[in-house]
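Remarks on the structure that follows.
The values are calculated or read from the model by the stated rules, or taken from the named source; none is laboratory data. These numbers were taken from a predicted model, which means no experiment stands behind them. Cβ coordinates were reconstructed from backbone atoms using ideal geometry, including for glycine residues, and neighbour counts include every protein chain displayed. Areas reflect the complete protein model, heavy atoms only, side chains present, ligands, DNA and RNA absent. Shrake-Rupley method; radii C 1.70, N 1.55, O 1.52, S 1.80 Å.
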Amino acid sequence: MSQLEIKDLHVSIGEKAIVKGLTLTIHSGEVHAIMGPNGTGKSTLSKAIAGHPDYTITSGEVLLDGASILGQEADERARAGIFLAFQYPSEIPGVSIANFLRAAQQARMAEGEELDASAYYKRLYSKMDLLKIDRKFTSRSVNEGFSGGEKKRCEILQMAMLEPKFALMDETDSGLDIDALRIVADGVNTMRGPNLGVLLITHYQRLLDYIVPDHVHVMYDGRIVKSGDKSLALELEAKGYDWIKKELAASAA
Ligand code: ADP
Ligand code: MG
């Protein structure tokens, strides 16, 4: 059982403060959703946790099982068990998914240790079977010419192979048709379990019809301003975000 604690986190891009005191604890086995209007700092939060160098943490803490990860580079954080699924995954022409995942696996091993190729392929194929992904898929170049759904499938397969403790999924649903949305949801639901914590960042409640969260948080202007269960997502869908802003204005007055 692991926990990821985000404590009073402040993140800046250049001089601009974006995340302004965000506190959240996720335990393995839990799915938390963060919803909020565009520009509120959701992507900034996930990239800062993953260790993106452009995002400066000005104060606060991120603890994985009690130990700070803030001094670690992105690859160390990945090895420690943090996985970030991008809102817009990059294309890597000329590198097949199979080789890419193999390199990622190799990179996580101790120096001098060699990945056993047959064991690797066995594991890859078992994950692909689990996720109902066609074998031909892994010979294609990473994300090159992929549809939205195929890119998501590639991210989900990476996640399955890396077996993170915590997966941060940033608007994995943006621009997806209903079939692609199902791919993401089925993938996450298949991997959901006592060893995985998930932070789902989403603008729309639609994804949450398929991946039912344990907790829902509303992020606004760099902070979590409201938390609840899955019914909060439905309320947001019905009423939009304006009522949150009004509630905040009223409580500040
Ligand atoms: P969200 O994901 O909630 O839509 P973001 O975290 O992407 O919000 O953005 C929050 C704010 O940070 C926005 O005002 C955005 O313009 C700004 N921002 C995000 N990325 C950068 C960047 N690389 N350089 C400068 N400003 C950025
Ligand atoms: Mg975003």
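The number of residues in the stretch 98-113 that are open to solvent by 70 Å² or more (accessible area, probe 1.4 Å) and either in a loop (DSSP other than H, G, I, E, B) or within 16 Å of ligand 1 (Cβ to nearest atom) (or both) comes to 4. For the stretch 163-214, a tally of residues being away from ligand 2 (no atom under 14 Å from the Cβ) and polar (S, T, N, Q) returns 4. Just one of (1) more than 16 Å from ligand 2 (Cβ to nearest atom); (2) modelled with pLDDT of 95 or more; (3) crowded, with 16+ Cβ neighbours inside 10 Å; (4) more than 14 Å from L199 (Cα to Cα) fails for T58. It is (3).
Answer yes or no as to whether R223 is open to solvent by 70 Å² or more (accessible area, probe 1.4 Å) and either among the β-branched types (V, I, T) or out of contact with any Ser or Thr (no Cβ under 9 Å at 6 or more places or on another chain) (or both).
Numbers: open to solvent by 70 Å² or more (accessible area, probe 1.4 Å): yes; either among the β-branched types (V, I, T) or out of contact with any Ser or Thr (no Cβ under 9 Å at 6 or more places or on another chain) (or both): no.
For R223, the condition - open to solvent by 70 Å² or more (accessible area, probe 1.4 Å) and either among the β-branched types (V, I, T) or out of contact with any Ser or Thr (no Cβ under 9 Å at 6 or more places or on another chain) (or both) - is not met.
The single residue among D209, D221, D242, D186 that is charged (D, E, K, R) and in contact (Cβ under 8 Å) with a residue 60 or more places away in the chain turns out to be D221.
Being touching an Asp or Glu at 6+ places or on another chain (Cβ under 9 Å), open to solvent by less than 60 Å² (accessible area, probe 1.4 Å) and of a type outside the set (S, T, N, Q) is the filter here, so list the residues in the stretch 164-182 that pass it.
Step one: of the stretch 164-182, the residues touching an Asp or Glu at 6+ places or on another chain (Cβ under 9 Å) are 165, 169, 172, 180-181.
Restricting the remaining residues to those that are open to solvent by less than 60 Å² (accessible area, probe 1.4 Å) gives 169, 172, 180-181.
Those that are touching an Asp or Glu at 6+ places or on another chain (Cβ under 9 Å), open to solvent by less than 60 Å² (accessible area, probe 1.4 Å) and of a type outside the set (S, T, N, Q): M169, A180, L181.
Among the conditions (1) more than 16 Å from ligand 2 (Cβ to nearest atom); (2) modelled with pLDDT under 95, G36 misses just one, which is (1). The set of residues from the stretch 121-163 being open to solvent by 10 Å² or more (accessible area, probe 1.4 Å) and under 26 Å from M1 (Cα atoms) comprises R123, S126, K127, L130, L131, E155, Q158, L162, E163. Selection of the stretch 65-97 for residues being open to solvent by less than 40 Å² (accessible area, probe 1.4 Å) and touching a Phe, Trp or Tyr at 6+ places or on another chain (Cβ under 8 Å) yields G81, I82, F83, I97.
Residue pairs whose Cβ atoms lie under 8 Å apart, separated by 6 or more positions or on different chains, with the first residue in the stretch 30-42 and among the charged types (D, E, K, R) and the second open to solvent by 10 Å² or more (accessible area, probe 1.4 Å) and not in a loop (DSSP other than H, G, I, E, B), are E30/H215.
Could you list, in sequence order, the residues of the stretch 18-61 that are assigned to a loop (DSSP other than H, G, I, E, B), within 8 Å of ligand 1 (Cβ to nearest atom) and within 15 Å of the chain's Cα centre (by Cα)? Can you show your working first?
Of the stretch 18-61, the ones assigned to a loop (DSSP other than H, G, I, E, B) are 28-30, 36-41, 51-54.
The next check asks that each one be within 8 Å of ligand 1 (Cβ to nearest atom); those that pass are 36-41, 54.
Across the stretch 18-61, the qualifying residue is only G41.
Do we find a residue being in contact with a Lys or Arg (Cβ under 9 Å, 6 or more places away or on another chain), closer than 28 Å to G60 by Cβ and small (G, A, S) anywhere in the stretch 231-253? Within the stretch 231-253, none of the residues are in contact with a Lys or Arg (Cβ under 9 Å, 6 or more places away or on another chain), closer than 28 Å to G60 by Cβ and small (G, A, S). All of D221, D170, D179, D242 fail the test of being within 16 Å of ligand 1 (Cβ to nearest atom) and farther than 25 Å from S28 by Cβ, apart from D221.
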